[in-house]
Amino acid sequence: MARKPNRISRTKLPSRQEVLAFIADHPGQTGKRELARAFGVTGTDRVPLKRLLKELADEGLIEKRRKKMQRPGTMPPVGVLSIVDRTNDGDLAAEPADWDETAGPPPRIVILSRRGSRGAAPGLGDRVLARITPENDGYTARIIRLLERRPESVLGVVRRVGSELRLAPIDRKQREAVIKGGLGKAKEGDFVSAKLKRGQRRYISEAEIIEVIGSMKDEKAVSMIAILAHGLPLRFPDAVLAEVKAARPVRLDKHREDWRHLPLITIDPPDAKDHDDAVHAAPDDNPKNVGGFIVTVAIADVGWFVRPGSTLDREARSRSNSVYFPDRVVPMLPERLSGDLCSLRVGKDRPALAVRMIFNGEGRKLSHGFHRIMMRSVANLAYTAAQEAFDRGQDPPGDELGTPVLPPLWRAYQTVARGRAARQPLELTIPERRVVLDKDGKIERIVIREAPEAHRLIEEFMIQANVAAAETLEQAKSPLVYRIHDAPSLAKLESLRQFLESIDVTFPKSGNLRPSHFNRILTRLKETEHGELIHEVVLRTQSQAEYSPSNIGHFGLNLMRYAHFTSPIRRYADLIVHRGLIGALGLGGGRLPAGIETELPEIAAEISAAERRAMAAERDTIDRLVAHWLADRVGAVFQGRIAGVTRAGLFVKLDETGADGFVPVSTIAREYFGFDETRHSITGHDSGLTHRLGDVVDVRLVEVAPLAGALRFELLSEGRARPSGKKTSPRSHPRRTTKARWRSRGRKQR
């Protein structure tokens, strides 16, 4: 538990320096209430204190996170660290695993040794969960748990260079190594794991092959690269499988209601591996709620099978979430649970936690209640089939559901959507890039598509169920893990404001910023030449959502309280919420264990880190598959948009596949290019031609690296004319080519 700040006896308001010093001494622990208590500020004197804090925030001297203030660039009490070096004294040194670069360089944190600890000590490259303490000259940390150990083996592909066989590592930061000791069963082009050792030549290591994983000609090997590179668990321990094997189907008891008569249906992607949510809607027959609807969301009762403290529970917590690849799933729970006993399969009796919500005719939730039930799904529809049925206004042909199911569901969604429109969440559209494999596991096509309205229906009902779960647990004063999304940082907002000013668009400097402020900008410029650019810049301004036992609300959804409840088969956070509901409402076995609140900060940090790991593994796999798909199209011309601008060059996203590739600045033209961070652009010093984020461009594919998932492009499009009055500063030039440096030298001499 964090130590509460000591009260300071005084009779006047604190100075700016005193406030800043106090916040620095208590990072992540200080809110307005703590400051007022510490400095004895009461009554109307709180108004000037609040005004002082706002001034400090506007000047960038403090920032607010989870309703607590801290100096920019400071660390939270508990966080995930990457061990990167050793100090001169031999201690391990770490950096934050997830650091906002706009806050400056990451702090160096000294890892204190663990006295009496058992097991292998952490080393360079490992990721740890640690308790962080500010010191006079920086930070120290004590390790709570080792999250991810750097693999002892190296992953790479066997290739021939002259007469030598070499290992080309998948990590681009590592150099190639000469293979010694023979290939065994490996052959050129195989994906292998190998052990590195120092070679006889100074700059080249030697590699000894440990295992042949597969051939790089087989797309199935691509997801294996991500699995091994990110340390994802491949197999469940025998003890976990034995525990799952002993599980038996659930029967009705005094804590479980029989809802098998209710025609609940599941609506999922066509390739869904598990079904953990079902929905139903009907008009409310209460004469006081004309135009209202009763919406039921039923979620698989995973908490019945996965009990706190069990071997299965420990394994689920260590995995934290399922990871989805085009050809396989690395599940949080074994198949017998995720695909059978917990999955809401059609015509099968399944246990569930259900929330019944009543909405009025304007889409505002009037009330809700949770039930532990036995259900039986009457149909499973893909989003496309559900959308076609919605468009026709009737149930799918050939389905004998006994009573109309989809039409009232659709009308209920239209009603709830009115409430969403009034709430005004952040409206950012992010198209899905999906790799479709054929029956042999080969890439059939790569598609980019926006979600159909049927997907939004399910999404909105799940959001409402998640809100209901958070509200119920808050009211019961039960521990829970919130899904939080912080407002954009002051530094990112200032960068956005400067960019908007460059295209003559104003943005509020202060006040209570809401998603609607961003929506107005997006709507106003959607059909202009700046539409795509504004969408990308606003997206980059947003913070990353995460899990926390402390609530700050969800900025993107514009919700005061929000928790994940609807996917316990694939997310451990949802399982925690289920256990909280079971305990708070007295719904039988599987409740939260006593004292869990002391563990929740660590659990929240673990599952947040695991979520980022899963996202990185999924993204890396898609990048490699797309590169694999494009390997035989070198020389082809594509259209795309500039998706990133740096001093070194441009990142271009292709319209056809969503693939990202790089255009080095040295290949664009034989002149200097100045980088303008505010305008997200580079401008030729001589020609004045500008390439800017969001510009539509034509590029030629000149190089493909399937192993790294990297593409290199040649830019074919000319830039736009330089903005009037804008002169590129030579100080902002990136590294120049040799020819450019010689021309510069000659120009200076003239």
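Pulled fully out, how much extra length does the chain show between R540 and D89, if you take 0.36 nm times their separation in residues and subtract their Cα-Cα distance?
158.4 nm
Among the aspartates and glutamates, which have Cα under 17 Å from the Cα of K477 when same-chain residues fewer than 8 positions away are ignored?
Filter leaves E597, E599.
Roughly how many whole Å is it from the C-alpha centroid of segment 256-277 to that of segment 405-424?
20
Please tell me which of these pairs span more than 19 angstrom C-alpha to C-alpha: K273/K653; K439/K653; K54/K509; K273/K439; K492/K653; K217/K653?
As for pairs spanning more than 19 Å Cα to Cα, those are K273/K653; K439/K653; K492/K653; K217/K653.
Run the accessible area of the chain with a 1.4 Å probe and give the carbon-and-sulfur part as a rounded percent.
Carbon and sulfur: 48 percent of the exposed surface of the chain.
Go through W629, W99 and list them by solvent-accessible area, largest first, probe radius 1.4 Å.
Per-residue accessible area, sorted high to low, gives W629, W99.
Given charges of +1 on the Cβ of Lys and Arg and -1 on the Cβ of Asp and Glu, with all other atoms neutral, how large is the dipole of segment 546-639 about its Cα centre, in debye to the nearest 20?
240
How about segment 243-303: which trypsin sites (Lys or Arg not before Pro) there lie in a loop by DSSP and see at most 16 other Cβ atoms within 10 Å?
Listed in order of number, the matching sites are R251, K254, R260, K288.
Counting other C-beta atoms within 10 Å, and keeping those with at most 15, which DSSP coil GluC sites (Glu not before Pro) do you find in segment 163-272?
Of the GluC sites (Glu not before Pro), the ones in loops of segment 163-272 whose Cβ has at most 15 other Cβ atoms within 10 Å are E188.
To the nearest 20 debye, what charge dipole does the chain have about its Cα centre, counting +1 at the Cβ of each Lys and Arg and -1 at the Cβ of each Asp and Glu?
Working: 123 positive and 97 negative charges, 565 e Å.
About 2720 debye.
Keeping every protein chain present and rolling a 1.4 Å probe, give me the accessible area per residue for segment 530-622 in Å².
31
For segment 631-692, what does the accessible surface come to per residue with a 1.4 Å probe? Please give it in Å².
Values: 2560 Å² over 62 residues.
Result: 41 Å² per residue.
How much accessible area per residue does segment 358-422 have, counting only protein heavy atoms and a probe of 1.4 Å, in square angstrom? Present the calculation step by step, with values, prior to reporting the outcome.
Working: 3090 Å² over 65 residues.
That works out to 48 Å² for each residue.
Return the equivalent ellipsoid semi-axes of the chain as a descending list in whole Å, where each equals the square root of 5 times an eigenvalue of the C-alpha gyration tensor.
Computed over the chain, the values are 42, 35, 31 Å.
The values are calculated or read from the model by the stated rules, or taken from the named source; none is laboratory data. From a predicted model like this one, the values you see are computed outputs, not experimental measurements. Quick reminder, even Gly has a Cβ in these numbers, built from the backbone with ideal geometry, and neighbours come from all protein chains shown. The accessibility values were calculated without ligands, DNA or RNA, using every heavy atom of the protein model including side chains. Shrake-Rupley method; radii C 1.70, N 1.55, O 1.52, S 1.80 Å.
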